[in-house]
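The values are calculated or read from the model by the stated rules, or taken from the named source; none is laboratory data. Predicted model, so just to flag it, every value in this text is computed and none were measured. Virtual Cβ from ideal backbone geometry, glycine too; neighbours counted across all protein chains shown.
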Amino acid sequence: MLLLQRTQAINALRAHMAELGIVAAQGREGLKKLLAIIADDKDELVPVDARASLIVLAAQLQALQTMIGSIEKRIVAQHRASEDSKRVASVPGIGILGASAITATVTDPRAFRSGRDFAAWIGLVPRQDSTGGKQKLGPISKQGDRYLRRLLVVGAHAVLRRAKQSPQNYPWLAQLLARRPFKVVAIALANKMARVAWVLLAKGGTYRAPVLAGA
């Protein structure tokens, strides 16, 4: 919720500044430039009344940043204290936030019979539709834990972007991307990430990258 509010505050600040003809580059540095302009009461680009309102918005943004930073520090501390979380975070694309969320949600991995059941619970398996007595696989079911699903899909997208930039480091993903659409591969990878995370929680061990047959 705080992350969403921060995005809304940044977008609002940029939009109001753009109405005054003040535009900055996307990203942290561009935002920093806008905030500096708002804070400088000698800058004549911003009318006095507009600055009074923008200062309130900037203060709201700063408060959100502070709260988010505080929570993130606690998440990192909890992650470092958890062997399960550290094992899950070793899976490419999951990271600290995803590992913390998974280990906090799955307090007993034995509640699922397999990694496939865990992935299905999150909603990362194709929905099955029956037509004329035949089973047809449709889009993912999107049932289950929406937050975990979003974290895993976003993480899978990040891994695939790296795979496209450096295919030699991700040969099995490069082969998939050569045959299937990006979004399809992303869902398949998110599913695999969920299944691997369950295995690490249920059986221990460490993550090992897949090896191509014959490699």
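Tabulated data for the structure shown
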{"quantity": "First in the stretch 131-160 and in the same structural domain as VAL106 (by TED's automatic domain parsing) and under 12 Å from ALA119 (Cα atoms), second anywhere and at pLDDT below 70 and surrounded by fewer than 17 Cβ atoms within 10 Å (Cβ to Cβ), Cβ under 9 Å, 6 or more apart", "calculated": "ILE140/PRO126; ILE140/ARG127; SER141/PRO126; SER141/ARG127; SER141/GLN128; LYS142/ARG127; GLN143/ARG127; ARG149/LYS142"}
{"quantity": "Residue match in the stretch 33-42 (condition: of a type in the set (D, E, K, R), modelled with pLDDT under 95 and assigned by TED's automatic domain parsing to the domain that holds ALA197)", "calculated": "no"}
{"quantity": "Pairs, first touching a residue at least 60 places away in the same chain (Cβ under 8 Å) in the stretch 95-121, second surrounded by 22 or more Cβ atoms within 10 Å (Cβ to Cβ) and not in a helix (DSSP H, G or I), C-beta under 7 Å, six or more apart", "calculated": "none"}
{"quantity": "Complete set of residues in the stretch 40-88 that are in contact (Cβ under 8 Å) with a residue 24 or more places away in the chain and not in a helix (DSSP H, G or I)", "calculated": "LEU45, VAL46, PRO47"}
{"quantity": "Residue match in the stretch 17-26 (condition: within 20 Å of LEU4 (Cβ to Cβ) and under 26 Å from the mean Cα position of the chain (by Cα))", "calculated": "yes"}
{"quantity": "Breaking point among (1) within 30 Å of ASN191 (Cβ to Cβ); (2) touching a helix residue (DSSP H, G or I) at 6+ places or on another chain (Cβ under 8 Å); (3) surrounded by fewer than 17 Cβ atoms within 10 Å (Cβ to Cβ), for HIS79", "calculated": "(3)"}
{"quantity": "Residue match in the stretch 49-57 (condition: modelled with pLDDT under 95, in contact with a Ser or Thr (Cβ under 8 Å, 6 or more places away or on another chain) and not small (Gly, Ala, Ser))", "calculated": "no"}
{"quantity": "Sole exception among (1) assigned to a helix (DSSP H, G or I); (2) buried (at least 19 other Cβ atoms within 10 Å of the Cβ); (3) under 16 Å from the mean Cα position of the chain (by Cα) for ILE96, by number", "calculated": "(2)"}
{"quantity": "Count - residues of the stretch 30-65 that are loosely packed, with under 10 Cβ neighbours inside 10 Å and not hydrophobic (A, V, I, L, M, F, W, C)", "calculated": "3"}
{"quantity": "Subset of the stretch 24-39 [of a type outside the set (A, V, I, L, M) and not in a helix (DSSP H, G or I)]", "calculated": "GLN26, GLY27"}
{"quantity": "Residues that are closer than 22 Å to GLU72 by Cα and in contact with a helix residue (DSSP H, G or I) (Cβ under 9 Å, 6 or more places away or on another chain), drawn from the stretch 2-47", "calculated": "LEU2, LEU3, GLN5, ARG6, ALA9, ILE10, LEU31"}
{"quantity": "Which listed residue, of ARG208, ARG195, is within 15 Å of ARG116 (Cα to Cα) and among the charged types (D, E, K, R)", "calculated": "ARG195"}
{"quantity": "The stretch 183-202 residues that are free of Cβ contacts under 8 Å to residues at least 40 places away in the same chain and part of a helix (DSSP H, G or I), paired with ones that are surrounded by fewer than 21 Cβ atoms within 10 Å (Cβ to Cβ) and not hydrophobic (A, V, I, L, M, F, W, C) (beta carbon under 7 Å, 6 or more apart)", "calculated": "ALA186/HIS157"}
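So that you can scan it fast, the table gives a plain yes or no per residue for (1) modelled with pLDDT of 90 or more; (2) assigned to a helix (DSSP H, G or I):
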site	(1), (2)
ALA104	yes, yes
THR107	no, no
ARG113	yes, no
ASP117	yes, yes
LEU137	no, no
LEU152	yes, yes
HIS157	yes, yes
ARG162	yes, yes
